[in-house]
1. Of all residues being of a type in the set (S, T, Y) and assigned to a loop (DSSP other than H, G, I, E, B) in the stretch 390-415, which is most open to solvent (accessible area, probe 1.4 Å)? Just the residue, please.
2. Taking the stretch 645-671, which residues are among the hydrophobic types (A, V, I, L, M, F, W, C) and either open to solvent by less than 50 Å² (accessible area, probe 1.4 Å) or in contact with a Cys (Cβ under 9 Å, 6 or more places away or on another chain) (or both)?
3. Can you pull out the helices (runs of 4 or more DSSP H) entirely within the stretch 442-531 that have at least 2 residues that are open to solvent by 60 Å² or more (accessible area, probe 1.4 Å) and at pLDDT 85 or above?
4. State which residue pairs qualify: first residue of a type in the set (S, T, Y) and inside the stretch 666-680, second residue at pLDDT 85 or above and assigned to a helix (DSSP H, G or I) in any location, beta carbons under 9 Å apart, and separation of 6 or more residues or different chains.
5. It is to be established whether one or more residues within the stretch 367-376 are at pLDDT 90 or above, closer than 30 Å to H570 by Cβ and open to solvent by less than 10 Å² (accessible area, probe 1.4 Å).
6. Taking the condition of being open to solvent by less than 40 Å² (accessible area, probe 1.4 Å) and of a type outside the set (D, E), how many residues in the stretch 185-198 meet it?
7. If I ask for residues that are open to solvent by less than 10 Å² (accessible area, probe 1.4 Å) and acidic (D, E), which ones from the stretch 60-116 would you list?
8. Over 32 Å from the mean Cα position of the chain (by Cα), loosely packed, with under 14 Cβ neighbours inside 10 Å and among the hydrophobic types (A, V, I, L, M, F, W, C), is that true of V304?
Amino acid sequence: MPLSTLNQEQLLAATATKGQNLIIASAGTGKTSTIVGRIAHLLKQGTRPEKILLLTFTNKAAGEMIARLGAYFPKNTLESIESGTFHAVCYRWLKKVTPNLSLKQPSELKTLYRSIYEKRQFKRLHYDIEPFSSTYLYEMYTLYQNASLESFDIWFLELYPDHEPLMDIYLDICDEFERIKAEYGFLSFNDLLLHAKNYISENRIPFDEVLVDEYQDTNTLQGALIDALEPDSLFCVGDYDQSIYAFNGANIKNISTFSTRYPNAHVFTLKTNYRSVAPILSLANRVIERNERIYPKKLEVGRVGDAHPPKLLVYDELYVQYQSIAQMIKRSHLPNDRIAVIFRNNSSADGIEASLRELGLPCKRKGGTSFFEAKEIKFLLDLLSLMVNTKDMMAFIHIFEYGGGIGSALAKEFFICLMHFGNANLNRGLLHPEVFDLPKLNPNKNIQLGLFDDDLEIGSVSRFKNLNMSEALRSHPLLKHPKLGEDGLKFFMNYYEFMRSVQQSTVPQTILRQAIESKLYQGIVDTLSTQRSRLKTGEIDQGKKEQSIDRILRKAKLLLNLSTHYKDLHRFVNAMVLGGGELSEGEGVNLLTVHASKGLEFEDVFVVDLMDGRFPNHKLMNKSGGDIDEERRLFYVAVTRAKDRLSLSFAKYDRVKKIDFKPSPFLFEAGLIKGEPSYPKSSKDD
């Protein structure tokens with residue numbers, strides 16, 4: 001049984017009596033083994049598997065835990081355990097009552113939000129204060145959903161009281177955003193949790209025990225969801241020293257107040273680290289103990305053998321640092337995938353990646369833009385999403401924003417028009433329109449809310465007489481739209497021809513291949529490769545453009561290869577939306593943001609750019625939720641990824657930006673540089 005492999009502290013936690021149990025599992029102390037042991041204990045004690053809920057932050061983590069139990073329990077027993085991420089579990093619950101959920105990625109919803117925001121002509125309102133951008137408002141609204149249970153205006157005005165004159169407009173944008181999502185059945189990842197919380201309240205889902213992994217990363221909304229479940233027993237595993245997601249709404253109070261919220265709670269501490277050698281653990285302890293100790297603990301060494309002390313690498317210039325580390329990696333005898341370079345800022349990765357490539361060393365990046373968020377992949381997935389759900393206005397807007405002279409607001413109008421032409425059927429409105437008059441698109445005018453749209457007048461189709469097109473297209477009622485220009489029409493023609501070519505297809509691979517080969521996608525490839533190869537002078541570097549085209553088509557081919565495992569288009573699209581964030585590309589040296597490195601371990605770790613201002617990051621510290629304690633927790637997470645060797649580096653000067661750097665205060669705290677550290681001022685100190 002899994003229990004036989006546990007040490008004494010792990011065993012005490014895994015076999016705890018039912019109730020509210022919190023397990024403080026420090027880095028490398030075997031939290032996964034403890035959770036697996038707990039589930040085995042529950043099953044052995046007679047708990048029915050369907051009465052166990054395991055919540056994790058990646059589906060991979062849940063899969064690995066269940067897989068470990070496979071050697072001891074029948075497959076049908078383990079399949080009955082409800083397990084997965086908060087979002088995946090909520091998605092399954094909601095699918096039972098709403099089969100045709102349309103889950104949208106943040107980038108898609110951001111586009112919808114922008115289309116609503118763009119209808120507000122703030123400049124005509126003559127307010128003294130500059131309104132926030134659409135992107136920032138959307139990000140704040142998303143953060144609010146994760147971080148607060150009060151109303152948006154109360155939460156927002158506590159942060160930005162000077163924006164009170166604009167609050168009615170901001171609220172109306174959010175209200176319209178929610179109305180449109182409800183009308184078209186769109187759900188954000190936050191909506192999955194919000195709707196599931198309501199579903200739980202109306203449909204009691206009884207679990208004997210709920211287990212929560214990475215409890216320190218739960219946000220207020222996830223905490224409320226756990227409370228709504230009202231489980232008979234709660235088993236939460238986490239480490240407050242690894243709480244690094246405040247920027248995303250994570251609420252460290254969920255773990256820090258556990259004992260006060262549950263007066264009869266039992267707290268267990270796993271303190272024996274089996275990952276890192278003693279000198280690395282000693283350095284980690286010296287730094288993290290400067291944070292407030294919520295629950296007393298100190299990491300202890302569980303490994304024996306040779307131990308290499310952490311190295312401090314000091315360089316005169318920023319790029320020399322990257323080149324030197326690349327050379328060190330090249331000389332290493334370790335396989336590339338067992339080496340990691342960890343950084344606080346994504347900009348650090350570019351210099352490291354370039355230096356590694358220059359030496360012919362393969363590397364893979366994680367923590368920046370994901371494969372599925374790349375514009376060339378997002379466009380293809382939007383095409384498929386729109387075929388799965390023809391009411392998916394967001395996918396349509398995202399596609400048509402690439403048309404010349406078409407922004408998100410106009411793309412939204414085109415969608416409404418096509419739905420109107422097809423009597424609420426988009427494909428019919430596109431390929432076989434039944435209604436030929438333009439719909440009324442003007443909303444209720446409200447000057448106070450920034451709405452100034454005017455009614456549309458019919459445009460003359462004769463303005464397109466010189467364009468070569470079929471009779472069916474020439475008579476299409478969308479050509480009457482007065483805001484449709486010649487470039488926009490050419491894009492519409494290519495979209496029309498592609499959709500006509502796949503109207504009888506249902507196999508994902510077939511549709512994707514036709515999409516990649518279509519004139520429509522050729523135009524996207526040309527647009528993106530041109531953007532990515534434009535020099536500061538405005539000229540196009542043809543060599544860079546050819547390389548960019550090659551990269552775009554390689555990514556498209558990878559998506560095509562992924563589609564070969566699916567016969568059903570709906571299943572393929574859902575798999576890409578839900579699971580895309582966990583797929584990584586490439587092989588070689590691991591280039592990771594601190595956030596992306598969490599939960600991983602490597603024999604050899606380089607933490608780079610440890611300069612004051614970069615790590616800790618002053619700019620991010622002063623954003624909502626950031627402070628020096630969180631930056632210190634980030635440093636702690638970074639250094640505890642190392643098993644055998646740890647190198648910490650900083651540069652004194654950036655010759656490109658002509659900036660002098662001072663060492664990070666964490667290097668002083670670690671005892672690698674003598675003297676007392678000086679700390680940046682946080683906005684919380686004001």
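1. Here is the first cut: in the stretch 390-415, the ones of a type in the set (S, T, Y) are 390, 402, 408.
Still in the running and assigned to a loop (DSSP other than H, G, I, E, B): 390, 402.
Numbers: T390: 38, Y402: 59 Å².
Across the stretch 390-415, the extreme among qualifying residues is Y402.
2. Step one: of the stretch 645-671, the residues among the hydrophobic types (A, V, I, L, M, F, W, C) are 646, 648, 650-651, 656, 659, 661, 666-668, 670.
Listed by number, the residues that qualify are L646, L648, F650, A651, F661, F666, L667, F668, A670.
3. On the way: elements: 471-474, 486-501, 508-517.
Answer list for the stretch 442-531: 486-501, 508-517.
4. Close Cβ pairs (under 9 Å, with a partner that is at pLDDT 85 or above and assigned to a helix (DSSP H, G or I)) amount to S678/P665; S678/F668; Y679/I628; Y679/P665.
5. Yes, that holds for at least one residue.
6. Number satisfying all stated conditions: 8.
7. Scanning the stretch 60-116 gives a single hit, E108.
8. Numbers: over 32 Å from the mean Cα position of the chain (by Cα): yes; loosely packed, with under 14 Cβ neighbours inside 10 Å: yes; among the hydrophobic types (A, V, I, L, M, F, W, C): yes.
Yes; evaluated as a whole, the condition is true for this residue.
The values are calculated or read from the model by the stated rules, or taken from the named source; none is laboratory data. None of the values given here were measured: they were computed from a predicted structure. Because the Cβ atoms are built from the backbone with ideal geometry, glycine has one as well, and the counts that use them run over all protein chains shown. Accessible surface areas use protein heavy atoms only, side chains included; no ligands, DNA or RNA. Shrake-Rupley method; radii C 1.70, N 1.55, O 1.52, S 1.80 Å.
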